[in-house]
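S.K.: Have a look at the structure that comes next, please.
Only the coordinates and a few stated rules stand behind these numbers; no lab work does. Predicted model only: the values in this text are computed from it and were never measured. Please note: Cβ atoms are built from the backbone with ideal geometry, for glycine as well, and neighbour counts cover all protein chains shown.
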């Protein structure tokens, strides 16, 4: 049986479950769940009425061990219409990840909204897919249902996938679409991998998500492409979708080296 959530509350901490395990080391978390936990703190810390997160930038300051983590938030730049929120995660006796998020007050501008095209294939048309690179049977890859809309997780090159959560972020709480988006989007470089997982490490050191509309619904998608440069550096970019159409984009910087 799978754990019910990525994290279990434990006083002022959270205990990471096996669903946070990443592909590179069974003792380290995939960056998606911690990024989502930081997004949760941003949502709880922000004070702008009817605020929407329009950009969330996550810095991975070091590996996050599979164990207890503590998350705190603060408003760096308060305002009635625009605010900047910071969330930090402590793990293993240090700050392991940090996020800053711009949030703005929303209003009804539907009359002037730009068209937001969707993916050619919706989640009902997607092919069931699975990652085969995780060493543990219960790990991050089991936390989402994966359906390929274009390309393939199992083959190199660009790919588009739909995902649906199969667990909660924090036990006892529903996972918000923004949290789901962060859980999913950090896997964009794995979905669109250009290198053999067994021959190279291509871990991201950051993740920036920019949104012009908040995601909604249980199914979200990313259409991702990874580019590897000549000096051990890569970049992964993705268009992000819900069933109504595109909601924004993400970009991540990759540290690439032989395994």
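S.K.: How large is Rg/Rh for segment 1-160, to two decimals, with Cα atoms and a Kirkwood Rh?
M.R.: Answer for segment 1-160: 1.02.
S.K.: How do 162, 219, 102 line up, fewest other C-beta atoms within 10 Å first?
M.R.: 102, 219, 162
S.K.: Mean projection of the alpha-carbon convex hull of segment 105-259 over all orientations, in nm²?
M.R.: Details: hull surface 42.3 nm².
With the hull built on Cα positions only, its mean projection is 10.6 nm².
S.K.: Relative contact order of segment 73-216, please, whole-number percent, based on alpha carbon pairs below 8 angstrom and at least 6 residues apart. Walk me through the numbers before you get to the answer.
M.R.: Details: 169 pairs, mean separation 19.9, N = 144.
Worked out over segment 73-216, it gives 14 percent.
S.K.: While we're here: Give me the percent of Cα-Cα pairs in segment 97-143 that sit more than 17 Å apart, rounded to a whole number.
M.R.: Numbers: 774 of 1081 pairs.
Here the long-distance tail beyond 17 Å is 72 percent of all Cα pairs in segment 97-143.
S.K.: Now for a different question. Test of understanding: what is the full-extension gain from residue 55 to residue 233, defined as 0.36 nm times their sequence separation minus their Cα-Cα distance?
M.R.: Gain on extension, residue 55 to residue 233, equals 61.7 nm.
S.K.: How are the Cα pair distances of segment 1-42 distributed, in percent, across 5 Å bins from 0?
M.R.: All Cα pairs, binned at 5 Å, distribute as 6, 22, 27, 28, 12, 3, 0 percent.
S.K.: Okay, helix-only estimate at 222 nm for the chain: each DSSP H run of n ≥ 4 adds -39500 (n - 2.57), divide by all residues, round to 500 deg cm²/dmol; what do you get?
M.R.: It comes out at -3000 deg cm²/dmol, rounded to the nearest 500.
S.K.: 7 Å from Cα along Cα→Cβ at both residue 94 and residue 197: what's the point-to-point distance in nm?
M.R.: Taking the two extended label points, one gets 2.7 nm.
S.K.: Another question, then. Quick one: order 153, 21 by neighbouring beta-carbon count within 10 Å, fewest to most.
M.R.: 153, 21
S.K.: Right, another one. Once the piece of chain linking residue 104 and residue 154 is laid out straight, how much longer is it, given 0.36 nm per residue of separation minus the C-alpha distance between them?
M.R.: Answer, rounded to one decimal: 14.1 nm.
S.K.: Only residues of segment 50-70 count here: report those whose backbone N is under 11 Å from the spot 7 Å along Cα→Cβ of residue 25, or say none.
M.R.: Under cut-off, by backbone N: 62-66.
S.K.: For segment 1-92, what is the Kirkwood hydrodynamic radius in Å, using each pair of distinct C-alpha atoms?
M.R.: Radius from the Kirkwood sum: 14.1 Å.
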